[in-house]
Amino acid sequence: MGCKIIIKDTNKMMDSKMNICIQGLKKFEEIKIILETNCFYNINAPMNWSENTFWQSEAIFLSDSNGIVSLEKSPSIGGDYTGIRSMGLFESLKAVTIVNKKHIGDLKHLPLNDVVSYKISVLSDEKLLAKTTFNRFYKKNNINHYDIQRDSWQGRVFYEESKNKKPAIIVLSGSDGGIEKAQNIAMMLSNQGFVTLAISYFGMNNQKSNLDRIPLENLEEALKYIQKLDFVNSTKIGIYGRSKGAEYSLLFLTKYDDIKCAVLNSPSDRVYEGLKGKRNSKHSSWTYGGKEISYKPFKIKEFIMNKLMKKSSIDDCGVVDIENVRCPLLLISSINDEIWDSYSASINIMKKAKSYKKSIILTTELGHMNTISYLPNPRYKKYKTDKIYDEAVLSWENTLSWFINCLYFSHEF
């Protein structure tokens, strides 16, 4: 019997664990397994990296007495990770050849990037024993989508046709702008039975090109839109915001009461100065009622001191009215957040929010960029520990559980 690769992938979703099994090897044979892809949209990668970027990882294994290597049971003894980790090859993928892409500003021309194609090869003494290809997906086949274009925001709705009205989640990404990162997170959430609306609040055609004086009313309009959909339960709407999207979401929660629950990933407890390209805009990030919302200006000396002291300023400049927040809150923050002090912000939010249910998921090695399970994270390539990937799994699984429990099973207190 020759070498054979067995792919055991129950639902083929990008955030699900799978196993790769190699059979037909010699007893105690040392092999190398190589995973490759150049059809991969990685939420954690820089925005200008194309999905055609070439990614690769490899690990070395020793077969057992039956001539079998199972990634969920066999330890890697070398390569890009060591030890037993069934998703180690996926988490340790590295960008070998970066292919840059141009920004796509037209929503109707923006691809879903919902399919990832992989190639796996098995070698012994550099001789190819077997190879195969397989796909994994950001969304299930039965999830439909369509686009929305409004004066100052644009969106992509993901939904499954159903006779029952379903809970919905509004999804906001961060200061990268556009809709790409938000839409892939929205697709993953839609797999759990939610209608999701990924929003671009700047950076697309006919929108503001910079994160500067974005109206809070955008989210009000988006909320009203999704509440009116025939297939949505209008009383069960959640919101997910990451980074500046978390700042935007928290501010929205202080003004509006119709959100059932929220997940704020790497949040801020205050409004920061807006951006024009990579420079400060000298204005607030957000407006309400046509007026700029009070904000904290960026000061380089203060920023450096905060980094050195590993804590944020103690002033109240730009702090939002957290006391007005009443919906259940899940906060995801890191003590090693490299962008801002999301840990101290989360503590302040926890203390002041009037939510009857609130919780923090705290990470200690994974920093500001924390999305879904089992994705490589080139932002933290200096870390070769498993902990950042364990923390990504913990954060994402708690995000899913929070929305499921709050939107499907909770009862008003």
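The values are calculated or read from the model by the stated rules, or taken from the named source; none is laboratory data. Computed from a predicted structure; not experimentally measured. Counting neighbours? That spans all protein chains shown, and the Cβs are built from the backbone with ideal geometry, glycine included. Side chains are part of the model used for accessible areas, which takes the heavy atoms of the whole protein and leaves out ligands, DNA and RNA. Shrake-Rupley method; radii C 1.70, N 1.55, O 1.52, S 1.80 Å.
Has segment 121-141 got any residue that is in a loop (DSSP other than H, G, I, E, B), of a type in the set (Gly, Ala, Ser), open to solvent by less than 60 Å² (accessible area, probe 1.4 Å) and more than 20 Å from residue 191 (Cβ to Cβ)?
Within segment 121-141, not a single residue is in a loop (DSSP other than H, G, I, E, B), of a type in the set (Gly, Ala, Ser), open to solvent by less than 60 Å² (accessible area, probe 1.4 Å) and more than 20 Å from residue 191 (Cβ to Cβ).
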Inset, instruction - Look at segment 327-340 and say how many of its residues are under 21 Å from residue 393 (Cβ atoms) and part of a loop (DSSP other than H, G, I, E, B). - result: 4
Inset, instruction - Name every residue in segment 185-206 that is of a type in the set (Ser, Thr, Tyr) and either surrounded by fewer than 24 Cβ atoms within 10 Å (Cβ to Cβ) or not in a strand (DSSP E or B) (or both), in order of residue number. - result: 190, 201
Legend entry - When residues of segment 293-337 are limited to those that are of a type in the set (Asp, Glu) and either open to solvent by 80 Å² or more (accessible area, probe 1.4 Å) or touching a helix residue (DSSP H, G or I) at 6+ places or on another chain (Cβ under 8 Å) (or both), the one modelled with the lowest pLDDT: 316
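Condition check ((1) in contact (Cβ under 8 Å) with a residue 60 or more places away in the chain; (2) open to solvent by less than 10 Å² (accessible area, probe 1.4 Å)) across all residues:
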| position | (1), (2) |
| --- | --- |
| 226 | yes, yes |
| 229 | yes, no |
| 235 | no, no |
| 244 | yes, no |
Legend entry - Single residue of segment 19-73 satisfying the filter (among the charged types (D, E, K, R) and outside any loop (DSSP other than H, G, I, E, B)) that is surrounded by the fewest Cβ atoms within 10 Å (Cβ to Cβ): 30
Inset, instruction - Please go through segment 207-239 and pick out each residue that is assigned to a loop (DSSP other than H, G, I, E, B) and under 21 Å from residue 165 (Cβ atoms). - result: 228, 229, 230, 231
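Quick one: in segment 74-96, which of the residues that are polar (S, T, N, Q) and open to solvent by less than 40 Å² (accessible area, probe 1.4 Å) is farthest from the chain's Cα centre (by Cα)? Talk me through it step by step, then tell me what you get.
To start, the set of residues in segment 74-96 that are polar (S, T, N, Q) comprises 74, 76, 82, 86, 92.
Next cut, open to solvent by less than 40 Å² (accessible area, probe 1.4 Å) only: 74, 76, 86, 92.
Working: 74: 29, 76: 27, 86: 21, 92: 17 Å.
Ranking the candidates gives 74 first.
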Inset, instruction - Identify the single condition in (1) under 22 Å from residue 257 (Cα atoms); (2) in a helix (DSSP H, G or I); (3) aromatic (Phe, Trp, Tyr) that residue 343 does not satisfy, given that it satisfies every other one. - result: (1)
